[in-house]
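The values are calculated or read from the model by the stated rules, or taken from the named source; none is laboratory data. None of these values were measured; they are calculated from a predicted model. Heads up, the Cβs are rebuilt from the backbone with ideal geometry, glycines too, and the neighbour counts pull from every protein chain shown.
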């Protein structure tokens, strides 16, 4: 499948996801959607990291005795795994804060729920 | 030696400052000692005198924190109108500023390098 | 002792983390045992930090390779680049370590009585220690990805701490803003790290600096890293989250959040001085930092003078003070490639800025603790509600005055010692910067006179007649910071020689940082 696509295609997808994430963060005022924006931003960076470590026809980096010379980079996969875990923690914390904000203010709109300005 | 900071045209030695401070404090003490100590407490001598008018309660006769520097803000009204407006307190705007600053500094960096 | 010092950089992080997770367990059994455990652990960590800093400043850069046969075996046999996570402590890291150790110890002692009546204290101390561990990790690590992980640990625990008092709507909002801003900034940092990794297949800062070619992708990564770290440290125009979060956190937490901002400033310096260093177009990057600093100074102080919420006012003052540091360091970065200018004033500007970092942590920490003490006694942060508190809270008002004068740069307090260094050196770079700096200092004094006038002076109001001085542990915590302010003000030369000068030397000397990692390569 990936052979038929141009080599840079996953990078383009990652940048598009990055743009979508930033778009949501900038233009969507619903707090839940802001959380989604951060999750999409995180996914785009995960995709970017995984792609830059991918080698076409490479083996998974799990062997002690290497079957072939060409292997997928293991470090970026470790980075991605760490980022996924951090992303889960962040989303959980933000969602709990959103619930608290909703209980206090009765709205999920980032402008209407704002108490502090200036 | 290690007490000293030498900064270009000036230097800073706290020992000299401390001596000056001690001399000033001694002067203050001398002045204070010359004051009248024989007033009667809790009589009219310690009450506030306002041309014979009735003195308002403590709550009323005090300039509140929000009213301090009123003239300063009145003079700089236009500046403050401009500078307070971006502080919207909306989280979306914070992300806009971040994206804008990143873009502007990237453009500045590249333009300066192209110009060379 | 030498073994202890050899392993101290990882021990500092590990002891803090282990205590963080022991705290709730011990807390179930006994509150007193928990408090003793935390204070003892942090005191031990502070001792380790001082020992490590002394070793680093007297001898050489301290390197610790995790999982290697020997701590200094950065590059294993057969490899040509470092493959493990490496902690690298140079003068600047050790300096930051001292700041973090002092402030977290003070914050814990203060919280012991300030939060006595709150529920969920076990979680509070766990988060506080996690945040301290995250900050130690940020300043000690020599690995970019590790830096990202510790940055996330700091921001997640920081957001939870800001939102700790769930009964207030505004503290929930503050926590939300902090975590959103941090998440965006740190994800963009990870993106930049990915850009660097894609070219060099390296994550180690020293190794990356050795191979840096300053390609187009590197420039993009530089811009993203710089603006993300400026966002995290709260430089104008990315400062707006700062006043929303600092003002609603429980009393001792803003003091820690300041140090977290300083750790982000440290990361900015690591990136611009060490990671990019000589390859960077220094004058452009330097001027960008100077302009951000100038804006921070001016906007910070003019917004501060407008506020009527006492903690919000101090938060804006923090923005203003970080402007001074950014200007000093920006001047240093702008003349980094010019040895003559660097000797004439560049080093002094950076000395002043680095010295200002520790001073800032001390006096802003003290001001926030005083504001917390006022809130603890009268239950409001609104300046319009306050009047005549100095009649009953005498010690607190004196301590506030001390912090305020230090912040405005009045001799003989520590703020003066660092500001005079910045003024004098920046004047030789560009006189206008000094003029703005002095104007901003005068306005800072006006800001704090407003607070002092409206909160502490005036007739004592009937409803505040039985307000008393705050409990002893809170006073003790404030006095520790006040003692630091006076000591640093009276003996600035000592501090400069012992901890500030090594930190500045470490910043300028990019080669030493690289050699400590890559030295094993033949």
Would it be correct to say that residue A:32 is within 14 Å of chain B (Cβ to nearest Cβ) and more than 30 Å from residue C:306 (Cβ to Cβ)?
yes
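May I ask you to say which residue of C:418, C:425 is surrounded by 24 or more Cβ atoms within 10 Å (Cβ to Cβ), closer than 12 Å to residue C:485 by Cβ and modelled with pLDDT under 95? Walk me through how you get there before you give the answer.
Values: C:425 fails: closer than 12 Å to residue C:485 by Cβ.
None of the other options fit; the residue is C:418.
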Looking at region B:95-116, which of its residues are more than 14 Å from chain A (Cβ to nearest Cβ), out of contact with any helix residue (DSSP H, G or I) (no Cβ under 8 Å at 6 or more places or on another chain) and part of a helix (DSSP H, G or I)?
B:104, B:107, B:111, B:114, B:115
Do we find that residue C:79 is crowded, with 21+ Cβ neighbours inside 10 Å and farther than 19 Å from residue C:254 by Cα in this structure?
no
Tally the residues that are part of a loop (DSSP other than H, G, I, E, B) and closer than 16 Å to residue C:517 by Cα, restricting the search to region C:22-58.
0
Out of (1) within 27 Å of residue C:375 (Cα to Cα); (2) crowded, with 19+ Cβ neighbours inside 10 Å, the one residue C:433 does not meet is (1)
Within region B:15-23, is even one residue within 30 Å of residue C:227 (Cβ to Cβ) and within 10 Å of chain C (Cβ to nearest Cβ)?
no
Can you give me the ranges of the helices (runs of 4 or more DSSP H) entirely in region C:464-522 with at least 3 residues that are touching a helix residue (DSSP H, G or I) at 6+ places or on another chain (Cβ under 6 Å) and either within 14 Å of chain B (Cβ to nearest Cβ) or touching a residue at least 12 places away in the same chain (Cβ under 8 Å) (or both)?
C:472-490, C:501-508, C:510-518
Inspect all residues belonging to region C:144-164 and state whether any of them is out of contact with any helix residue (DSSP H, G or I) (no Cβ under 6 Å at 6 or more places or on another chain), on the phi < 0 side of the Ramachandran plot and more than 14 Å from chain A (Cβ to nearest Cβ).
no
Taking region B:57-71 and keeping only residues that are at pLDDT 80 or above and more than 7 Å from chain C (Cβ to nearest Cβ), one is left with B:63, B:67, B:70, B:71
Just one of the numbered conditions (1) buried (at least 24 other Cβ atoms within 10 Å of the Cβ); (2) at the interface with chain B (Cβ under 10 Å from one of its Cβ atoms); (3) in a helix (DSSP H, G or I) is not true of residue C:256; which one?
(2)
Of the listed residues (C:333, C:342), the one being away from chain B (no Cβ under 13 Å), surrounded by fewer than 24 Cβ atoms within 10 Å (Cβ to Cβ) and modelled with pLDDT under 95 is C:342
When restricted to C:168, C:191, C:176, the only residue surrounded by fewer than 24 Cβ atoms within 10 Å (Cβ to Cβ), within 12 Å of chain A (Cβ to nearest Cβ) and either closer than 24 Å to residue A:85 by Cα or touching a strand residue (DSSP E or B) at 6+ places or on another chain (Cβ under 6 Å) (or both) is C:191
Can you name the residue in region B:81-94 that is more than 7 Å from chain C (Cβ to nearest Cβ) and assigned to a helix (DSSP H, G or I) and is also surrounded by the most Cβ atoms within 10 Å (Cβ to Cβ) among such residues?
B:92
